[in-house]
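Each reported figure results from applying straightforward, stated rules to the coordinates on display, with no laboratory input. Computed from a predicted model, the values in this text were never measured in an experiment. Methodologically, a virtual Cβ is constructed for each residue, glycine included, from the backbone with ideal geometry; neighbour enumeration extends over all protein chains shown.
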Amino acid sequence: MGKSEKVVVAMSGGVDSSMAAALLREEGYEVIGVMMRLWTPEGVTNRCCSPEAAEDARRICYILEIPFYLLNFEEEFKRHVVDYFEREYAQGRTPNPCLECNRHLKFGLLLRKALALGTTYLATGHYARVGYNGRYQLLKGVDGAKDQSYALYMLGQGELARLLLPLGKCTKEEVRSLARKMRLPVAEKAESQELCFVPEAGYGRFLRDHRGLKPQPGPIVDLAGNTLGEHKGLPYYTIGQRRGLGIAAPEPLYVLRIDVEGNALVVGRASDLRCEGLLARDTTYVAGEAPPGSMEVTAKIRYKATEAKALLNPLEAGRAKLSFLDPQRGVAPGQGVVFYQGEVVIGGGIIEAGY
């Protein structure tokens with residue numbers, strides 16, 4: 001005990017951020033609970049900061065006897081996350097807006113506000129770890145089934161020096177068990193799996209209502225250009241998708257490419273999805289600089305993807321080339337790609353194209 005440092009904990013009203021606050025308080029930190037109020041469409045509740053979520057977070061802070069603040073980040077969230085999401089879909093890409101929220105809001109604006117309050121650290125309930133080996137390292141969480149290091153690849157030395165991740169050494173069940181022992185009312189609270197600002201009607205309805213992008217039906221074609229059917233609108237589809245095509249074929253067909261200019265969906269067999277590698281943009285490295293040359297890594301091309309062995313070649317202007325040892329399926333432009341060596345996150349970027 002005896003720690004005197006102040007730490008701001010990003011609260012969501014869920015069990016993970018609640019236990020992050022509880023564990024840090026037990027360690028002797030002076031803990032402050034903070035929730036970000038985020039933009040949401042009119043008539044829709046943002047699940048990350050709903051009145052119910054805010055009340056749960058406030059209640060946890062009351063139980064832990066720590067202050068709680070709700071900060072208005074609506075404008076910044078709309079600009080950096082929602083507008084980005086809309087632009088990417090308009091270009092036929094499949095974005096992961098949670099990565100942009102982490103980059104610009106949680107570990108950008110919120111971290112700066114936390115430090116401006118005179119605190120030493122920002123803490124979150126992510127299942128990942130911070131290490132130090134001459135430089136700060138971002139490490140996988142010990143719970144392989146819950147590891148969230150993929151979503152934090154954009155963090156660098158400055159952010160990691162001020163970041164506490166108290167759940168990185170725990171499994172999810174251990175966290176719930178501790179919450180039960182502490183009699184926290186969120187111990188059994190379910191996790192949200194959907195984007196916080198998109199209503200249940202889905203992406204297509206959201207883009208139509210809030211960007212004026214009315215999804216237009218168009219042709220579904222094969223690699224030879226033959227028309228096989230009609231799609232409902234490009235925002236309803238993503239690379240590698242099989243279901244919902246409405247095409248009768250002798251073998252399963254998958255989305256291979258989204259042709260925005262021609263408003264067409266290009267489909268093919270599972271073998272046609274295989275990519276030898278990919279190009280990434282907006283690449284960042286945890287060490288603060290790119291490796292001096294090619295590097296053997298494992299890579300994840302989606303949050304839930306299995307790591308694949310690959311050769312990483314940093315390029316100029318924040319770009320990188322990744323060559324897979326074995327071809328991979330479902331390389332989707334707009335998704336994040338993250339590079340690892342063992343349990344260490346090297347860095348990552350946004351997939352520009354597969355090849």
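Could you order peptides 304-315, 338-349 by the average number of other Cβ atoms within 10 Å of their residues, highest first? Mind showing how you got there, number by number?
Working: 304-315: 15.6, 338-349: 21.2.
Highest-to-lowest ranking by the protection proxy: 338-349, 304-315.
Could you give P(r) for region 273-354, binned at 5 Å from zero, as whole percent values over all Cα-Cα pairs?
Each 5 Å bin holds this share of Cα pairs: 3, 17, 32, 29, 14, 4, 0.
With 10 angstrom as the radius, rank Ile32, Ile63 by how many other C-beta atoms surround their C-beta, starting from the fewest. Please list the in-between numbers first.
Values: Ile32 20, Ile63 15.
With the sparsest Cβ surroundings first, the list reads Ile63, Ile32.
Determine the shape class of region 1-150: with a ≥ b ≥ c the square roots of the Cα gyration tensor eigenvalues, call it rounded for a/c under 1.5, and otherwise prolate if a/b is greater than b/c, oblate otherwise. Walk me through the intermediate numbers first.
On the way: a/c = 1.84, a/b = 1.31, b/c = 1.40.
The shape class here is oblate.
Count neighbours as other Cβ atoms within 10 Å of each site's Cβ, and list the trypsin sites (Lys or Arg not before Pro) in region 96-169 that are DSSP loop with at most 14 such neighbours.
Those satisfying the criteria are Arg135, Lys169.
Give me the log10 of I(q) over I(0) for the chain at q = 0.09, 0.12 Å⁻¹, as the Debye formula computes it from C-alpha points; what are the numbers?
Calculated log10 I(q)/I(0) at the listed q: -0.54, -0.94.
Would you mind calculating the relative contact order of the chain from Cα pairs under 8 angstrom and at least 6 residues apart, reporting the percent as a whole number?
Working: 765 pairs, mean separation 54.6, N = 355.
Relative contact order, the chain: 15 percent.
Cross-link partners among aspartates and glutamates for Lys169, C-alpha distance below 15 Å, same-chain residues fewer than 8 apart left out?
Qualifying aspartates and glutamates at Cα under 15 Å: Asp16, Glu27, Asp143, Asp147, Glu343.
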